[in-house]
Each structure stands twice: as C-alpha cells, then as structure tokens.
Amino acid sequence: MATDEFGLIERFFKGTATPGIGVRLGIGDDAAVLDPGPGVELVATVDTLVAGVHFPVTACAAAIGQRALRVNLSDLAAMGATPRWFLLALSLPTADEDWLAGFSTGLATAAARYGCALVGGDTTRGTLTISITALGTVPTGAALTRGGASVGDLVLVTGTLGGSAAALAEMQRNGATRAQPAALDADYWYPEPRLTEGQALRGLASAAIDISDGLLADLGHVVRASGVGAELTLDALPLSTAAVARFGLEQTRAWALSAGDDYQLCFTVPPTRLAEVEALAGARGFQFTQIGRLAGTPGVRVRDAAGREVAIAERGFRHF
C-alpha cells in the first residue's frame, strides 16, 4: 500500500476536498484556482499546532483534526468572514495510516460542519506539526479589525471563559488525553468558532479579536491597535460553570483572564449601538456579556466590585 507523500494525500485527503463553491481547481495540481466572487474581499489566516505544545501527543487523532481546523476558523470569525477554503501542511514522524485515517476523518467532519473545502497543502517527515491556512470572504470594506475602537466603547465577549484551560488542567492532573465532564472536554477539543457572531457584528462592532492567548493579552492587542485603554470588571466575566464546579471561582477567573484557548470573540461597540447587538443576539441565538469599557489611559486594567485595581501576575500565553 502506498505510503509516500502523494499516496498519503490521495488516500486520506483528496476525499476531504469536496469541491466547494468557487473552487475552479482543487487538490491535484501545483496550486488551487479559486474564485471568491464579485463584491467580496479575501481574508487569509494561518495557524500552526505543534504536538506537545498545542495538544497532547497521544491524543485521539480525530479530535486533533477537529481542533486544528476549528481554532483556525476562529481567526476568520474575528474578522467577520465566511470560511471558504483551507490548505493543510502536515509534518509526520511516520506514515501511521491508522492515525491519518482518524485525523482526516476529524478534519473532514469539521470542514463539512463549517462549509469549507480543503484545496491543497504539503506533507513532510518531521515532528508532528499541523499548519492550516484558512481562506474566507467578507463583503468589500466590511471586515472587522482590531484598530477601530474608541474611548467610551463597551467591551463585550461571547460565550464563557476558562473552560479550555480547566480541561487541560484536568488532563494533565490525570495523565489523560480527554477531560471530564464532557462540557470541559468540548471546550478544549471542539471549540466553536464564533462565525455567526462575527458575521452578525459586521457594521456594528468597532473592533474584534478572538481569545486565543488570553483575554488580557488579546484585548491588549485591540487597545494598542486602537490607541486606547480598557477597564474590565472582574465580577462581570462570564465563566465556565463546569470549570468553576471543578476548580473553584478564583482559579477559573485567573484562567479566564490569562490562559487562552477559549476561542470566544472579544469585541467593542459604541454604547449607542448596544441595543442593536442585543437584538441580533436574540434573533440569532448567541450569548454575549458586557465586561468593561474603553478608556483613555493605555493598557488593560481589571477592577473588583469596589473599583480597586486587581494585580494580575500572568497576562497571557507567550511562545517566547
């Protein structure tokens, strides 16, 4: 049975590349030919996941495939984009066909769920490393960015925070690759890219970012790009109930602020447009919470219920 690069692609990934709208030429040539359509702009992002850094080495291959694509699509969600296509660069220590079968199944499941097609990539020998380049579209001029916020805008987040970090802590504590309860496991392995929310917020949000490295770190990117500061209310943070039940309030708050891997959206809106966001959330069934406001003093500060600034030792994940 062929286990060279091209045999692996043919067996495990060509079937994943179900032709989507706008795919003129997909896997099988030197490059894909794609047509984004009139009146839209292309949005491109790339993420790399390294075994032992971004996921446990011995984890279920199908779950790894799901997570790899989902976390990448979260960046498109933060831009208000619609996923269209993606490319996969995969480094493997060995051509383990059982692992590849599981991984490609998980990848294909996520691709079908979010309506995007695999259109190319590369396969090499090396440390298990997964790089995905995701491509999406937005109406011309409608992309959300980090740099449009103003003093006085409200700071909001979708969903709940802290669940993914709690799942990782649970796995590390038990030497396992899956977490209990199921809600925590889903937060880590099957994060929901907030695509509906991002698309709905086009024209409403003044800035947006996804929470991958921690709320403080990622909101810090927004305030720097926008030339403002932020004041957050500690008690307002929407926390994972499963994480609080498992690890307590204080630990979950610390993870919500700094641990990352939540893949929720943090976004800002002028106060005059909050009612529109509330109406959209009701109509489209998504959850959001106001957690603070933008200020003129640079930086991101967290305050308790009495208004006292809370010292935060860890302010987000850093690779270096």
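The values are calculated or read from the model by the stated rules, or taken from the named source; none is laboratory data. Remember, it's a predicted structure, so these values are computed and weren't measured experimentally. Cβ coordinates were reconstructed from backbone atoms using ideal geometry, including for glycine residues, and neighbour counts include every protein chain displayed.
Table for the structure above
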| item | result |
| --- | --- |
| Check on Leu294, part of a helix (DSSP H, G or I) and of a type in the set (A, V, I, L, M) | no |
| Selection count where residues are assigned to a loop (DSSP other than H, G, I, E, B) and over 26 Å from Ala31 (Cβ atoms), scope segment 45-99 | 12 |
| Every residue from segment 118-142 that is exposed (fewer than 12 other Cβ atoms within 10 Å of the Cβ) and within 28 Å of Gly203 (Cβ to Cβ) | Thr140, Gly141 |
| Flag if Ala305 is in contact (Cβ under 8 Å) with a residue 24 or more places away in the chain, over 23 Å from the mean Cα position of the chain (by Cα) and in a loop (DSSP other than H, G, I, E, B) | yes |
| Extreme residue, surrounded by the most Cβ atoms within 10 Å (Cβ to Cβ), among residues of segment 256-287 that are touching a helix residue (DSSP H, G or I) at 6+ places or on another chain (Cβ under 7 Å) and among the hydrophobic types (A, V, I, L, M, F, W, C) | Ala256 |
| Which listed residue is among the aliphatic types (A, V, I, L, M) and farther than 25 Å from Arg84 by Cβ, from Leu195, Leu201, Leu216 | Leu216 |
| Residues of segment 156-189 satisfying the condition of being under 22 Å from Phe267 (Cα atoms), not in a helix (DSSP H, G or I) and not β-branched (Val, Ile, Thr) | Leu156, Gly159, Leu161, Gly162 |
| Test result for Gly198, at pLDDT 95 or above and outside any strand (DSSP E or B) | yes |
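Let's see how each residue does on (1) over 18 Å from Asp213 (Cα atoms); (2) of a type in the set (Asp, Glu); (3) free of Cβ contacts under 8 Å to residues at least 24 places away in the same chain; (4) in contact with a helix residue (DSSP H, G or I) (Cβ under 6 Å, 6 or more places away or on another chain):
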| site | (1), (2), (3), (4) |
| --- | --- |
| Val119 | yes, no, no, no |
| Thr129 | yes, no, no, no |
| Pro139 | yes, no, no, no |
| Ser150 | yes, no, no, no |
| Val155 | no, no, no, no |
| Thr158 | no, no, no, yes |
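For (1) at pLDDT 95 or above; (2) not assigned by TED's automatic domain parsing to the domain that holds His221, each residue gets a yes or a no:
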{"site": "Leu92", "(1), (2)": "no, yes"}
{"site": "Asp98", "(1), (2)": "no, yes"}
{"site": "Leu107", "(1), (2)": "yes, yes"}
{"site": "Gly121", "(1), (2)": "no, yes"}
{"site": "Arg125", "(1), (2)": "no, yes"}
{"site": "Ser131", "(1), (2)": "yes, yes"}
{"site": "Gly163", "(1), (2)": "yes, no"}
{"site": "Tyr188", "(1), (2)": "yes, no"}
